[in-house]
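Input: a single structure, listed below in structure tokens.
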Amino acid sequence: MSSYPDVRLRRFRRSGPLRALVRETRLSLDQFVMPLFVAPESLRNEELPGMSRWSVEDVVREVEELVRLGVQAVILFGIPEEKDEQATGAWEDDGIVQRALRALRPRFPELVLATDVCLCEYTSHGHCGVIVDGEVHNDQSVELLARTAVSHVDAGADVVAPSDMMDGRVAGVREALDDSGFESTPILAYSAKYASAFYGPFREAADSAPSFGDRRGYQMDPANVREALRECELDIDEGADAVMIKPALPYLDVIRAVREAFDVPVAAYNVSGEYAMVKAASRSGWLDERQAALESLTAIKRAGADLIVSYWTKDLAQWL
Ligand code: PBG
């Protein structure tokens, strides 16, 4: 009784309702996070709507629509008016993200407001930390990242997500938050962030491409998975409340390995390049965007992600 012709796996595939009864993985909007770029001026991106920039005024309007559609969480990125060596725009009290948070917080008390904590959008050279003698200086960068996180929470952020890949930054951020009385604010650490080619459209949207060199001195080598587990372990030891793997689709094995090794919530970042590939192919008539997106996001969940950061979150709200 354990094989064909007694067993026929097609029996439960015969109709939509039968398939739904035995579906193992489901997408639900409350586990999705929509990235939003705030800037001094709005700049719509018609081809990649998820990569549009919003002024503080317009981001309020966009979030209104997202909330109306049922989106429960957003993550903010900032493009400052001016960039400098010390990434002043990242941590100053009236920085662009801080201003957006102060505008959004009182208007959307229920919405989860997460922030990306990094310096690359704010440094004149585009690296994720402070440059000393031609290299990104780890510990000085951590200090500024911690300051940035505190200023975000002070302005209304619910969750901070350090994405810089400096060593010890989770401990630095945790200590600074606790010292400021923010011991209840969770840290979502971009623990396994790879030096990836799939960040291209983001770097254009955020104007954060490094002006010299690349990020391989701090982001992870795409060839490594054991190292990803070490990164996650260290971040959890330092106080990370949840860990993130990024990008998502080319790293499903890493998501699975992290899921099996740790009990903390696991996030995956379905990055700009993953989104742009599907957009471009669907524009050429080569595949159906909605189906390809739903299949991609389902695969990321199936691999073991609890929550997903995705530029499709707004579309998903309409698709589901
Ligand atoms: C760094 C950061 C990056 C992304 C999120 N946070 C870019 C990078 O490391 O170069 C990429 C996200 C995406 O491609 O969608 N602040």
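The values are calculated or read from the model by the stated rules, or taken from the named source; none is laboratory data. The structure displayed is predicted, hence computed values, not measured ones. Here the Cβ positions follow ideal geometry from the backbone for every residue, glycine too, while neighbour counts run over all protein chains shown. SASA here: full protein model, heavy atoms, side chains in, ligands and nucleic acids out. Shrake-Rupley method; radii C 1.70, N 1.55, O 1.52, S 1.80 Å.
Computed values, structure above
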read-out: Single residue of A192, A240 found to be assigned to a strand (DSSP E or B), modelled with pLDDT of 95 or more and more than 10 Å from the ligand (Cβ to nearest atom); value: A192
read-out: Qualifying residue in segment 256-267 (condition: closer than 30 Å to H125 by Cβ and in contact with a helix residue (DSSP H, G or I) (Cβ under 6 Å, 6 or more places away or on another chain)); value: no
read-out: Test: residue in segment 134-154 that is aliphatic (A, V, I, L, M) and closer than 19 Å to Q72 by Cα; value: yes
read-out: Search result, residues across segment 149-184 that are among the hydroxyl-bearing types (S, T, Y), within 25 Å of A39 (Cα to Cα) and open to solvent by 10 Å² or more (accessible area, probe 1.4 Å); value: S151
read-out: Test for Y275: is it in a helix (DSSP H, G or I) and within 15 Å of the ligand (Cβ to nearest atom); value: yes
read-out: Conditions (1) within 16 Å of the ligand (Cβ to nearest atom); (2) over 23 Å from A240 (Cα atoms): number failed by A90; value: (2)
read-out: Enumeration of residues in segment 243-268 that are in a loop (DSSP other than H, G, I, E, B), hydrophobic (A, V, I, L, M, F, W, C) and open to solvent by 10 Å² or more (accessible area, probe 1.4 Å); value: F262, V264
